[in-house]
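Accompanying notes for the structure given below.
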Amino acid sequence: MNRQQLIALCEAAGAKPVHAEKLLAYIFRRGIHDPDKMPDIPGELRGFLKKHSQPLSIEVVAEQQAKDGTRKLLLTMPDGKNIETVLIPGTGRLTQCISTQVGCAIGCKFCLTATAGLTRNLIAAEMVAQVQTAQELSENKVRNLVLMGMGEPLHNFDEVAQFIRIAADPLGMAFSPRRITLSTAGLVPGIYRMIEEKLPCSLAVSLNATTDEARSRIMPINRRYPIAKLLQAIRDYIAAHGRKRVLIEYVLLAGVNDTVEDAERLCGMLRDIDTTVNLLPLNVSPGSQFKTPTDASVTRFRSILSDAGFVAVVRKSRGQDISAACGQLKAEQAA
Ligand code: SAH
């Protein structure tokens, strides 16, 4: 429940709405879910909570640590379905990569999560639980959330929006909206909903190609929402937020979208968009039909962008040795 819903719950229980703030702090700031451990909540409200809520039991079934310190947790949800979440160390603080669905329906050809299709959406509580479970197991604080794990966040809009509102509530989990990044494969209507609902987060878009032909081949979703519509949605998002930067992600696939012509076309496409470009050299998974470009070709692509005045960063691939890198999440031990 978000703040408004907790206020409504207090009212329904005949308690003062001010207790909603205490509940926010207990549940989301301190991770205390048992009403019996909330001494300053009136007994009647505690009774009401016990009657109308149920504990969400999430189990950590496996944990792997990569050489670079990246950790991947395999979590079992209450219905037995497994998902993965990844913790990436920075200077003293952690970035957590959150899954939003069990599997994914979008079908990008280079992504391992796509291979098994979609099993189900996660609910907001299961996303909150990913953060709280990871935080309990970590000394360092989780400071950044990236919705870049398994799933397409905008394909599960309501629950993802609920999670983001909870994560950004200053009385609860208190993540800065600038430090919550939602990454989408380009579901255009979802981007407009983010604008309408003023979702407190940043936007990242997986562009990944510079022609509709190439993009449709690697991301079938492009047939529904082609590049021109997607770029317009990004411009509208930036305009609605007043110079808010959007992150453009671009997976580099050798010989497919990493040529000099691609880099030049990309500069042209983005010339009127306030953006940072993240280049992601492909992380190869077994059976992949694509190859990672050479370092020289990655450098060449990046230089063309930076010479044109763009901020272009090659995303350091973290946790590759434990299949925790982008596009490698699959919950292999899934039952
Ligand atoms: N569905 C969302 C979020 C999950 S994917 C989206 O598409 O944005 C997160 C990022 O990883 C996306 O930019 C995606 O293009 C990228 N990605 C997927 N598979 C990859 C792979 N094998 N190697 C490198 N990046 C990959």
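Share of region 167-313's accessible area from carbon and sulfur, percent, 1.4 Å? Don't skip to the end; give the middle numbers.
Details: 3380 of 6380 Å².
Carbon with sulfur: 53 percent of the solvent-accessible area.
Are there any trypsin sites (Lys or Arg not before Pro) in region 1-96 that are in a DSSP loop and have at most 10 other Cβ atoms within 10 Å? List them by number. If you can, show how the numbers build up before the last one.
Working: sites: 3, 22, 29, 30, 37, 46, 50, 51, 67, 71, 72, 81, 93; in loops: 30, 67, 81.
Passing sites in region 1-96 are 67.
Using the Cα atoms of the chain to build a convex hull, what is its mean projected area in square nanometres? Please report the intermediate quantities before stating the final value.
On the way: hull surface 68.9 nm².
It is 17.2 nm².
Amide H of residue 119 versus every other amide H placed in the peptide plane: which residues, excluding those fewer than 5 positions away on the same chain, fall under 5 Å?
Result for residue 119 returns 102, 103, 104.
Carbon and sulfur: what percent of region 91-162's accessible surface (1.4 Å probe)? Working shown, then result.
On the way: 1280 of 2650 Å².
Result for region 91-162: 48 percent of the exposed heavy-atom area is carbon or sulfur.
Averaging sequence separations of C-alpha pairs under 8 Å and six or more residues apart, then dividing by the length of region 1-136, give the relative contact order as a whole percent.
On the way: 163 pairs, mean separation 16.9, N = 136.
Across region 1-136, relative contact order equals 12 percent.
Simple spin-label model, 7 Å along Cα-to-Cβ: residue 22 to residue 216 in nm?
6.0 nm
For a quick check: with amide H placed at 1.01 Å from N, whose amide H comes under 5 Å from residue 313's, ignoring anything fewer than 5 positions away on the same chain?
Residues meeting the amide H criterion: 277, 278, 279.
Looking only at Cβ-Cβ distances, which cysteines of the chain have no other cysteine closer than 4.7 Å?
10, 97, 104, 201, 267, 326
What ranking, highest mean first, results for peptides 199-212, 299-312 when packing means the other Cβ atoms within 10 Å averaged over each residue? List each step's numbers first, then the result.
On the way: 199-212: 21.2, 299-312: 15.9.
Packing proxy ranking, top to bottom: 199-212, 299-312.
Stokes-Einstein D for region 3-52 at 37 °C, 0.692 mPa s, Kirkwood Rh over Cα pairs, in µm²/s? Present the calculation step by step, with values, prior to reporting the outcome.
Details: Rh = 10.5 Å.
D, rounded to a whole number, is 312 µm²/s.
How large are Rg and Dmax for region 224-315 when only the alpha carbon atoms are used, in Å?
14.0, 43
Alpha carbon centre of region 8-40 versus region 92-112: separation in Å?
Cα centroid to Cα centroid, the span is 32 Å.
May I ask you to derive the relative contact order of the chain, considering only C-alpha pairs under 8 Å and at least 6 residues apart, and to give it as an integer percent? It would help to have the intermediate numbers written out before the result.
On the way: 620 pairs, mean separation 53.1, N = 335.
Taking the mean separation of contacting Cα pairs over the length of the chain, I get 16 percent.
Give me a comma-separated list of calculated 3J(HN,Hα) values for region 194-204, in order, Karplus coefficients 6.51, -1.76, 1.60 applied at θ = phi - 60°, integers in Hz, x for any Gly or Pro.
Values, residue by residue: 4, 5, 4, 8, 6, 4, x, 7, 9, 10, 10 Hz.
Taking square-rooted eigenvalues a ≥ b ≥ c of the alpha carbon gyration tensor, is region 98-242 rounded, prolate or oblate, where a/c under 1.5 means rounded and, failing that, a/b exceeding b/c means prolate?
Because a/c hits 1.5 or more and a/b fails to exceed b/c, region 98-242 counts as oblate.
At 7 Å along the Cα-to-beta-carbon direction for both residue 63 and residue 138, put a label point, then send me their distance in nm to one decimal.
So the two model labels end up 1.2 nm from each other.
Quick one: length gained pulling residue 235 to residue 265 fully straight, 0.36 nm per residue minus the C-alpha distance?
Values: separation 30, 0.36 × 30 = 10.80 nm, distance 1.75 nm.
Full extension of this stretch gives 9.1 nm more.
Work out from phi, with θ = phi - 60° and the Karplus expression 6.51 cos²θ - 1.76 cosθ + 1.60, the ³J(HN,Hα) of each residue of region 129-144, listed in order in whole Hz, and give x for Gly and Pro.
4, 4, 5, 5, 5, 5, 5, 4, 8, 10, 6, 7, 7, 6, 10, 10
Using the Karplus curve 6.51 cos²θ - 1.76 cosθ + 1.60 with θ = phi - 60°, work out ³J(HN,Hα) for each residue of region 308-313 in order, rounded to whole Hz, and write x for Gly and Pro.
7, x, 8, 7, 10, 10
I'd like the antiparallel share, as a percent to the nearest 5, of DSSP beta bridges with both residues in the chain.
On the way: 19 of 45 bridges.
Of those bridges, close to 40 percent are antiparallel.
Using a 1.4 angstrom probe on heavy atoms only, work out the carbon and sulfur share of the accessible area of region 3-52 in %.
Values: 1580 of 2990 Å².
Whole-percent figure for carbon plus sulfur exposure: 53.
State in Å² the accessible area per residue of the chain; use a 1.4 Å probe, count heavy atoms of protein chains only, and round to the nearest integer.
Numbers: 15330 Å² over 335 residues.
I get 46 Å² per residue for the chain.
Find out how many positive minus negative residues lie around residue 39, taking Lys and Arg as positive, Asp and Glu as negative, among other residues whose Cβ is under 13 Å from that of residue 39.
Numbers: positive: 22, 30, 37, 46; negative: 34, 36, 40.
Charge balance in the 13 Å sphere: +1.
Out of the GluC sites (Glu not before Pro) in region 93-183, which ones are loop residues according to DSSP with at most 13 other C-beta atoms within 10 Å?
Numbers: sites: 126, 136, 139, 159; in loops: 139.
Passing both the DSSP loop test and the Cβ count: 139.
The values are calculated or read from the model by the stated rules, or taken from the named source; none is laboratory data. On a predicted model such as this, the values are computed, not experimentally measured, just so you know. Reconstructed Cβ throughout: ideal geometry from the backbone, glycine too, with neighbour counts over all protein chains shown. Remember, those area values only see protein heavy atoms, side chains included, never the ligands or the DNA or RNA. Shrake-Rupley method; radii C 1.70, N 1.55, O 1.52, S 1.80 Å.
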